[in-house]
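> This structure is in structure tokens; I'll ask about it shortly.
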Amino acid sequence: QVQLVESGGGLVQPGGSLRLSCAASRIIFSVNAMGWYRQAPGKQRELVAAVSVGSTTYYADSVKGRFTISRDSAKNTVYLQMNSLKSEDTAVYYCNVRPVRQDYWGQGTQVTVSS
């Protein structure tokens, strides 16, 4: 059963922007902190940003000042606004709850930053 669905990835030039969306079921969204994670080729999956139920945010140092995470309770959706993208941001991006539930991983959405 699909619980989290990511979308919004694509190919963008360095310095460009993308907004990722993660649609969740209401039950999951309403009681969990949510996070965006990414996995680049040959690397481990890492936490990029997180937002609590009360909208307190956390960012990895590598994206601080460039990415913004937010949540919309009316739409049960978490967003990741990514600005000033760099080639090292290239990865598959996933959303999940915090702490992670292994059975919640979805297909992710590919983000490729390249000229």
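The values are calculated or read from the model by the stated rules, or taken from the named source; none is laboratory data. Just so it is clear, the model here is predicted, and its values are computed rather than measured. We place every Cβ from the backbone using ideal geometry, glycine too, and count neighbours over all the protein chains shown. What goes into the accessible areas is simple: the full protein's heavy atoms, side chains included, and nothing from ligands, DNA or RNA. Shrake-Rupley method; radii C 1.70, N 1.55, O 1.52, S 1.80 Å.
> Condition first: over 10 Å from the mean Cα position of the chain (by Cα), part of a strand (DSSP E or B) and under 20 Å from ASP103 (Cα atoms). Now tell me which residues in segment 6-50 satisfy that.
Within segment 6-50, ALA23, ALA24, ALA33, GLN39, GLU46 qualify.
> Let me ask something else about it. What are the pairs with Cβ atoms under 6 angstrom where one residue, in segment 45-68, is under 13 Å from TYR93 (Cβ atoms) and the other, located anywhere, is of a type outside the set (Asp, Glu) and assigned to a loop (DSSP other than H, G, I, E, B)? Sequence gap at least six, or different chains.
VAL48/ALA60; VAL48/VAL63
> Report, by residue number, each residue of segment 55-67 that is open to solvent by less than 20 Å² (accessible area, probe 1.4 Å) and in a strand (DSSP E or B).
Residues of segment 55-67 that are open to solvent by less than 20 Å² (accessible area, probe 1.4 Å), as a first pass: 60, 63, 67.
Of everything in segment 55-67, just one residue is open to solvent by less than 20 Å² (accessible area, probe 1.4 Å) and in a strand (DSSP E or B), namely PHE67.
> What are the residues in segment 73-103 that are open to solvent by 80 Å² or more (accessible area, probe 1.4 Å), under 28 Å from ARG26 (Cβ atoms) and either part of a loop (DSSP other than H, G, I, E, B) or touching a helix residue (DSSP H, G or I) at 6+ places or on another chain (Cβ under 8 Å) (or both), if any?
Within segment 73-103, SER73, ALA74, LYS75, PRO99, ARG101 meet the criteria.
> Within the group SER70, SER52, SER21, which residue is open to solvent by 40 Å² or more (accessible area, probe 1.4 Å) and not hydrophobic (A, V, I, L, M, F, W, C)?
Being open to solvent by 40 Å² or more (accessible area, probe 1.4 Å) and not hydrophobic (A, V, I, L, M, F, W, C) holds for just one of SER70, SER52, SER21, which is SER70.
> So for segment 95-102 (the condition being of a type outside the set (Phe, Trp, Tyr), over 18 Å from VAL5 (Cβ atoms) and modelled with pLDDT of 95 or more), does at least one residue qualify?
No: segment 95-102 contains no residue that is of a type outside the set (Phe, Trp, Tyr), over 18 Å from VAL5 (Cβ atoms) and modelled with pLDDT of 95 or more.
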